[in-house]
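Just so it is clear, none of the values below were taken in a lab; they were calculated from the coordinates. As the structure is a prediction and not an experimental result, all values here were calculated from the model. Cβ coordinates were reconstructed from backbone atoms using ideal geometry, including for glycine residues, and neighbour counts include every protein chain displayed.
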Amino acid sequence: MPIPIRYIEPVYRPPSEARSLILPLTDGCSWNRCTFCEMYTDPQKKFRARDEAETLESIRRIGETPWGQATRRVFLADGDALVLPTRRLLTTLRAIRTYLPHVHRVSSYCLPRNLRKKSVTELSELADAGLKLAYVGAESGDDEILEIIGKGETFASTEDALSKLGMAGISRSVMILNGLGGTLLSEQHARRSAELANATQPEFLATLVLSFPRGEARFRANFPGWQAPGVPELLVEMEIFLSHLELCRTVFRSDHASNWLSLRGNLPQDKPALLAQLRAALAAPESAPLRPAWARGL
């Protein structure tokens, strides 16, 4: 039986959504100006909102299938479904609840800018309707770096969005890009990113290493002085970042395929052990359990 959803490849989702039903509400990314990001640069991924009738029909038809009835998680694609009006999102969430009654978590990517016009009350309505998790690519807490990479956000705008989500009862999964500031801005990137996490206390926090599968030209055009950090510099940056984290209850992951050293733990209790792993790798890189270069990727 064919899947009753129209996908435009490539389709992206967070690693933790590997077993989720991917439900596109939009195509592409409404901002799509970040110079480090290659996810939605293909012409077929030009931003547009999906027709609401198409989305609702897909949900209804999925609900008629055995595997639809077995679905437990739904991820709203593409780059930022939360750019849609609250009314439209509520209609979708209610349809999921009606036709996919066993779904217990709906999640989405979220650009901070998309929450500027959404109140905590609106977000609480979305949470009550089933939206439980938002993935926020903060990238950095440093305003200088955010401007250079064309993020269109600041420390303050990201903090505001994450705080709104938290007040509404929607869990936050925040991503920071290790190496984004290059060698020159590494320390301020690490420190300010830790400050952002401390200010917002996200439920989940992850780091990826900046990578360029299609080349660095687009990124370097706005950041000509950027110098790629080597493995030791990346580990030092991570050590600074972790050292400055003061989190009360956060699941931390730095085990994406792009990371050289896989780190997993719960903060704050595992902070000493994670720092010990980093410092051991820095002291004796030849015996550290680093991921081989051929195994790294996006």
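Here are the numbers for the structure shown:
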{"read-out": "Square roots of 5 times each gyration tensor eigenvalue, C-alpha, the chain, largest first, Å", "value": "33, 20, 19"}
{"read-out": "Degrees between helix 120-129 axis and first principal axis of the chain (Cα, 0 to 90, nearest 10)", "value": "60 degrees"}
{"read-out": "Integer Hz, Karplus 6.51/-1.76/1.60 couplings in order for the stretch 100-117, x for Gly and Pro", "value": "10, x, 8, 5, 10, 8, 10, 9, 7, 5, 8, 7, x, 4, 6, 9, 4, 9"}
{"read-out": "Unmatched cysteines, the chain - criterion: no other Cβ of a Cys under 4.7 angstrom", "value": "CYS29, CYS110, CYS248"}
{"read-out": "Entries of LYS45/LYS271; LYS46/LYS132; LYS46/LYS164 with Cα pairs more than 32 Å apart", "value": "LYS45/LYS271"}
{"read-out": "For the stretch 245-298 and the stretch 126-157, distance of Cα centres in Å", "value": "23 Å"}
{"read-out": "Estimated [θ] at 222 nm from DSSP helical runs (n ≥ 4, -39500 (n - 2.57)) normalised by residues in the chain, nearest 500", "value": "-11000 deg cm²/dmol"}
{"read-out": "Relative packing of 141-149, 286-294, which averages over residues the other C-beta atoms within 10 Å, highest first", "value": "141-149, 286-294"}
